[in-house]
Ligand SMILES: Cc1cc2nc3c(=O)[nH]c(=O)nc-3n(C[C@H](O)[C@H](O)[C@H](O)COP(=O)(O)OP(=O)(O)OC[C@H]3O[C@@H](n4cnc5c(N)ncnc54)[C@H](O)[C@@H]3O)c2cc1C
Ligand code: FES
């Protein structure tokens, strides 16, 4: 019915600038369709759109008629949904992934449904459009170009072959985004070679999660977000734990042993998970909320966290100076998706400085289970005085039949003995990786400064490990993901929002160390976080893609709109929720 193209342009949105190719114009006459684009067409954000697998977007006139009625709109012109081909026929509940069609001089293959993204809502002036497309099961789909050629409106669409597996666009969209899919559906989807690698990855995640279901059966949209992969938290909100021991571990690190006040066993955490605590400052200031990875053996009924005293660090200095055995510490249940996965493949545990804590818990778990897995323990410290758990980790490694360890001291002290205390007098950095001969089928767990993890991840992938097998834990705010927004990479430290303070319940961003009152002028927690420059991740902004899913440590929220599929137990979607009382977020 129409061929629509458009080059990306800058569009103002929410006080920001979005670079987007969603604005398409209908063109007349033949247009050359090439492997990556139709001539004159482009995408603004190649992370989410475009490329070989998403060269051409298709939307149907039948859906135009549906939306005109549903939204009460009489202004919907071809290209309005960001599509390149507006077609008569080819409904989402008939077209299958892998089907091939000839149009004019080109041949196409169906690769995946449309990506749920806020920009279709921006284009339409309907912010909830991304969620509506999924919930009404009218997403439209992408084509890969098998044979390049000219295409023109008015040409007949001829089916040349049917995809194996017979899975319609509507069905596979529902498998990923809606509740209630079956394992057989996921396996069937994975047998379709034409399915784009991105969707294959999501399907594999769904299958992996089903296989190692630690989520208590309520993992939300497990194919969409790592946040859905953890089990539900062991208790709601914060509860007091008793400090039963304080132990120095190095010049700057000390451990706190914690137990239930009544001596009952605390719920087991997974090796690698963290605890969030409230630290009472002096005077009437609100509590400081900080997270600490559990460093002890999981499943003992007690917890251990290990804190590095940072120069000028508010919570770490307060804990060291004022906490005593017998005191109580308010803690939220262990959480986090950085945990040791099962299996019998090799494990690489790599840490720098106090980043040792979560991987030490993993080492404890492996030693407790007398694991026969190949275990690599790689740790970087400044010197012996700044090397916490040196003896403890040696004992654990000795208990493992198949473990090896390389300890790097960047500036060994005179008393440090090479061969005993440390292996190499150098930093543990990316350039050490290629020479190690690490097994390429290993799962690697990394914790340390962000620059260390970024460079080591690249080196591990360069050495042959699959990127999906490299797992990292950031001791602070995570990276932001703001598709298409220009200038969003500039890092501004989180701050109180501009304008008059809100009068609503308090919202604590735990990783950013910031507490602000809720302001009813904000549409969602996501908007409040953005107003504070707290790093956030999102894509659809309307409760369907789960990119914004994260842990809610305490408090409760209301949704508007309701998520298409609820998040995992203990998590929330911040793009469509507001607090109903004081909340603490893992953000
Ligand atoms: C999932 C997770 C797990 C974590 N696990 C651990 C762990 O196992 N062990 C651990 O020690 N930490 C861990 N952290 C980090 C921890 O939560 C705190 O961020 C850390 O203890 C610092 O808190 P603070 O209040 O002492 O420092 P803050 O007051 O929050 O200061 C943050 C940084 O700014 C610097 N700073 C503050 N004031 C000044 C100033 N006036 N001038 C110059 N610099 C300044 C401090 O030195 C510090 O480096 C983890 C964090 C997360 C999110
Ligand atoms: S951004 Fe998509 S669900 Fe929140």
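The values are calculated or read from the model by the stated rules, or taken from the named source; none is laboratory data. Remember, predicted model here, so these are calculated numbers, not experimental data. Heads up, the Cβs are rebuilt from the backbone with ideal geometry, glycines too, and the neighbour counts pull from every protein chain shown.
Farther than 24 Å from residue 24 by Cβ, surrounded by 18 or more Cβ atoms within 10 Å (Cβ to Cβ) and at pLDDT 95 or above, is that true of residue 103? The answer is no for residue 103. Scanning the stretch 276-287 for residues that are surrounded by 19 or more Cβ atoms within 10 Å (Cβ to Cβ) and touching a residue at least 60 places away in the same chain (Cβ under 8 Å) yields a single hit, 276.
In a strand (DSSP E or B) and more than 16 Å from ligand 2 (Cβ to nearest atom), is that true of residue 378? Criteria met by residue 378. Identification of strands (runs of 3 or more DSSP E) wholly contained in the stretch 6-56 with 1 or more residues that are out of contact with any helix residue (DSSP H, G or I) (no Cβ under 8 Å at 6 or more places or on another chain) and under 14 Å from residue 85 (Cβ atoms) yields 25-27, 31-33.
Does the stretch 304-319 include one or more residues that are over 19 Å from residue 512 (Cα atoms) and either within 16 Å of ligand 2 (Cβ to nearest atom) or more than 27 Å from the chain's Cα centre (by Cα) (or both)? Looking for residues that are over 19 Å from residue 512 (Cα atoms) and either within 16 Å of ligand 2 (Cβ to nearest atom) or more than 27 Å from the chain's Cα centre (by Cα) (or both), one finds none in the stretch 304-319, hence no. Scanning the stretch 444-463 for residues that are touching a strand residue (DSSP E or B) at 6+ places or on another chain (Cβ under 6 Å) and either part of a loop (DSSP other than H, G, I, E, B) or closer than 20 Å to residue 365 by Cβ (or both) yields a count of 5. For the stretch 113-143, a tally of residues being on the phi > 0 side of the Ramachandran plot and in contact (Cβ under 8 Å) with a residue 24 or more places away in the chain returns 2. Is it the case that some residue within the stretch 464-471 is surrounded by fewer than 17 Cβ atoms within 10 Å (Cβ to Cβ), in a helix (DSSP H, G or I) and modelled with pLDDT under 95? Yes, some residue in the stretch 464-471 is surrounded by fewer than 17 Cβ atoms within 10 Å (Cβ to Cβ), in a helix (DSSP H, G or I) and modelled with pLDDT under 95.
Rundown of residues vs (1) surrounded by 14 or more Cβ atoms within 10 Å (Cβ to Cβ); (2) within 30 Å of residue 27 (Cα to Cα), yes/no style:
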{"residue": "155", "(1), (2)": "yes, yes"}
{"residue": "161", "(1), (2)": "no, yes"}
{"residue": "165", "(1), (2)": "yes, no"}
{"residue": "171", "(1), (2)": "yes, no"}
{"residue": "174", "(1), (2)": "yes, no"}
{"residue": "196", "(1), (2)": "yes, yes"}
{"residue": "199", "(1), (2)": "yes, no"}
{"residue": "207", "(1), (2)": "yes, no"}
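Say whether the condition of being within 16 Å of ligand 1 (Cβ to nearest atom), assigned to a strand (DSSP E or B) and touching a residue at least 12 places away in the same chain (Cβ under 8 Å) is met by at least one residue in the stretch 498-508. Yes, the conditions are met somewhere in the stretch 498-508. In summary, strands (runs of 3 or more DSSP E) completely within the stretch 509-573 and bearing 3 or more residues that are within 16 Å of ligand 1 (Cβ to nearest atom) and buried (at least 23 other Cβ atoms within 10 Å of the Cβ) occur at 549-554.
Considering only residues in the stretch 339-355 that are in contact with a strand residue (DSSP E or B) (Cβ under 6 Å, 6 or more places away or on another chain) and assigned to a helix (DSSP H, G or I), the one that is farthest from ligand 1 (Cβ to nearest atom) turns out to be 355.
Rundown of residues vs (1) surrounded by 14 or more Cβ atoms within 10 Å (Cβ to Cβ); (2) within 16 Å of ligand 1 (Cβ to nearest atom); (3) modelled with pLDDT of 95 or more; (4) more than 27 Å from residue 539 (Cα to Cα), yes/no style:
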position: 444; (1), (2), (3), (4): yes, no, yes, yes
position: 448; (1), (2), (3), (4): yes, yes, yes, yes
position: 453; (1), (2), (3), (4): yes, yes, yes, no
position: 456; (1), (2), (3), (4): yes, no, yes, yes
position: 473; (1), (2), (3), (4): yes, yes, yes, no
position: 478; (1), (2), (3), (4): yes, yes, no, no
position: 481; (1), (2), (3), (4): yes, no, no, no
position: 484; (1), (2), (3), (4): yes, no, no, no
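Could you check the stretch 176-187 and list, in sequence order, the residues that are touching a helix residue (DSSP H, G or I) at 6+ places or on another chain (Cβ under 9 Å) and in contact (Cβ under 8 Å) with a residue 40 or more places away in the chain? If the condition is that a residue be touching a helix residue (DSSP H, G or I) at 6+ places or on another chain (Cβ under 9 Å) and in contact (Cβ under 8 Å) with a residue 40 or more places away in the chain, then 176, 177, 178 are the ones that fit. Scanning the stretch 423-442 for residues that are surrounded by fewer than 14 Cβ atoms within 10 Å (Cβ to Cβ), out of contact with any strand residue (DSSP E or B) (no Cβ under 8 Å at 6 or more places or on another chain) and outside any helix (DSSP H, G or I) yields a count of 3. Taking the listed residues 396, 400, the one that is part of a helix (DSSP H, G or I) and without any contact (Cβ under 8 Å) to a residue 60 or more places away in the chain is 396, with no other qualifying. Take the residues of the stretch 74-98 that are closer than 16 Å to residue 124 by Cβ and out of contact with any helix residue (DSSP H, G or I) (no Cβ under 7 Å at 6 or more places or on another chain): which is surrounded by the fewest Cβ atoms within 10 Å (Cβ to Cβ)? In this case the residue turns out to be 75.
Flag set for residue 143, criterion: outside any loop (DSSP other than H, G, I, E, B), under 31 Å from the mean Cα position of the chain (by Cα) and surrounded by 20 or more Cβ atoms within 10 Å (Cβ to Cβ). Here's a check for you: in the stretch 529-570, which residue that is under 20 Å from residue 334 (Cβ atoms) and within 11 Å of ligand 2 (Cβ to nearest atom) is modelled with the lowest pLDDT? Only one residue tops the list, namely 567. In summary, strands (runs of 3 or more DSSP E) completely within the stretch 224-338 and bearing 1 or more residues that are out of contact with any helix residue (DSSP H, G or I) (no Cβ under 8 Å at 6 or more places or on another chain) and more than 9 Å from ligand 1 (Cβ to nearest atom) occur at 238-248, 253-260, 274-279, 303-308, 328-335.
On inspection, residue 77 passes the criterion of being farther than 19 Å from residue 168 by Cα and in contact (Cβ under 8 Å) with a residue 40 or more places away in the chain.
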